[in-house]
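Read the structure below first, then the notes.
Since every read-out is calculated from the coordinates, none of them should be taken as a lab result. Not measured: the values here are computed from a predicted model. A quick note on method: Cβ atoms are made from the backbone with ideal geometry, for glycine too, and the neighbour counts reach across all protein chains shown.
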Amino acid sequence: MTSHHRTAPHGPAIAAHGLRKAYGDKLVLDGIDLAVPQGTVFSLLGPNGAGKTTTVQILSTLVTADGGRASVAGHDLAESPDAVRGAIGVTGQFSAVDNMITGEENMILMADLHHLGRREGRRITAELLERFDLLDAAGKPAASYSGGMRRRLDIAMTLVGAPSVIFLDEPTTGLDPRSRHNMWKAIRDLVAGGVTVFLTTQYLEEADQLADRIAVLNQGRLVAQGTPAELKRLVPGGHVRLQFADATVLAAATRALGTGIPDDEALCLQVPNDGSVRALRALLDRLDDAAVEADALTVHTPDLDDVFFAVTGRPGNEKVQAR
């Protein structure tokens, strides 16, 4: 299936420096810096009230920041908001679908809004309905669609405008597991086609599955930012589990490493380790020096739930940047 999205200029798809926003005396965003490369998924996580929705509203030109600068798809938000609007798509929990008309009619309405010619509008409508597995339902009123179908139609409608950057605000909230996985596939396909996705979600597993980079927002500040693997290494509790052939080798390994919790019954040794290449190499080098061989090695790192509660659970937490 050919993609018809616009190509953004060179440079990051989204860049923000020192974004600030207050409502009255409540500071909602307190100096946010973001850089989202083109053709990636960037996920913004945070507790309710952390400022996620405000960030999306500012970057999608719905709300004006009080301070700082940002560009989206190469266009400055303050100087060229219309150009930004022409390059982006926004969809999420509350859909733009009109329940009174069919799925196909919803799509054609979007094509008309984007001033596409009749033939081009119908071509793109057919292509997107097929891509999102909605052809069979295209002639039925949207009111009869399931939640997952409605969400897919909403994204298909967003794509009629060929955006290079899409903001997905909690796109799978309330969906059953199968529909959620179908949506994940649709998002991966978008990114494979070169689209940049800015995702807010309340599902940490979703961010872990989809995001190239994740930022955690708490009380208007970014408290952690990095790849999912980098964020997990920020939290103590990571360890390596080494499996050995017999009790003698296990005992030799325990002596050589001088640390860890041996399990004589399972012939395993659990050693504190952050799972980084450097730390694993150092561990294996020590075993080699002692002429001890492990049969198997598994790395256990904290999950994003651990990261989330560690970086948002303490008010006034200092910003942590994963390198």
Checklist line | Cβ-placed point charges (K, R +1; D, E -1), dipole of the chain about Cα centre in debye, nearest 20 | finding: 880
Next item on the list: Go through 195-202, 239-246 and give me the packing order, highest mean Cβ count within 10 Å leading.
Entry: 195-202, 239-246
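Quick check: convex hull over the Cα atoms of the chain, volume per residue in Å³, rounded to an integer? Don't jump to the answer; show the numbers that get you there.
Details: hull volume 54.8 nm³, N = 323.
Normalising the Cα hull of the chain by residue number yields 170 Å³.
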Note to self: Please compute, over every Cα-Cα pair in segment 239-300, the percentage with a separation greater than 19 angstrom.
What the structure shows: 16
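Magnitude of the Cβ-charge dipole of segment 15-91, K/R +1 and D/E -1, about the Cα centre, nearest 20 debye? Mind showing how you got there, number by number?
Numbers: 6 positive and 7 negative charges, 37 e Å.
Approximately 180 debye in magnitude.
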Item checked: Centroid-to-centroid separation of segment 51-96 and segment 113-128 [C-alpha atoms, Å] -> 25
Checklist line | Cα long-axis angle, helix 277-289 against the chain (0 to 90 degrees, to the nearest 10) | finding: 20
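Arranged from highest to lowest average of other beta-carbon atoms within 10 Å per residue, in what order do the peptides 290-299, 36-45, 183-192, 58-67 appear? Before the final figure, lay out each step's value.
On the way: 290-299: 13.5, 36-45: 21.9, 183-192: 16.6, 58-67: 18.2.
So the peptides 290-299, 36-45, 183-192, 58-67, ranked by packing, come out 36-45, 58-67, 183-192, 290-299.
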Note to self: Within 14 Å, Cβ to Cβ, of GLU293, how many net charges do the neighbouring residues add up to if Lys/Arg are +1 and Asp/Glu are -1?
What the structure shows: -4
Margin query: Going Cα to Cα from LYS232, which aspartates and glutamates come in below 18 Å? Please leave out same-chain ones fewer than 8 positions away.
Written below: GLU205, GLU206, ASP208, ASP212, ASP274, ASP303, ASP305, ASP306, GLU318
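Beta carbons within 10 angstrom, averaged per residue: use that to sort the peptides 281-289, 248-256, 147-155, highest first.
Working: 281-289: 13.3, 248-256: 16.3, 147-155: 21.9.
Listed from highest to lowest mean packing, they are 147-155, 248-256, 281-289.
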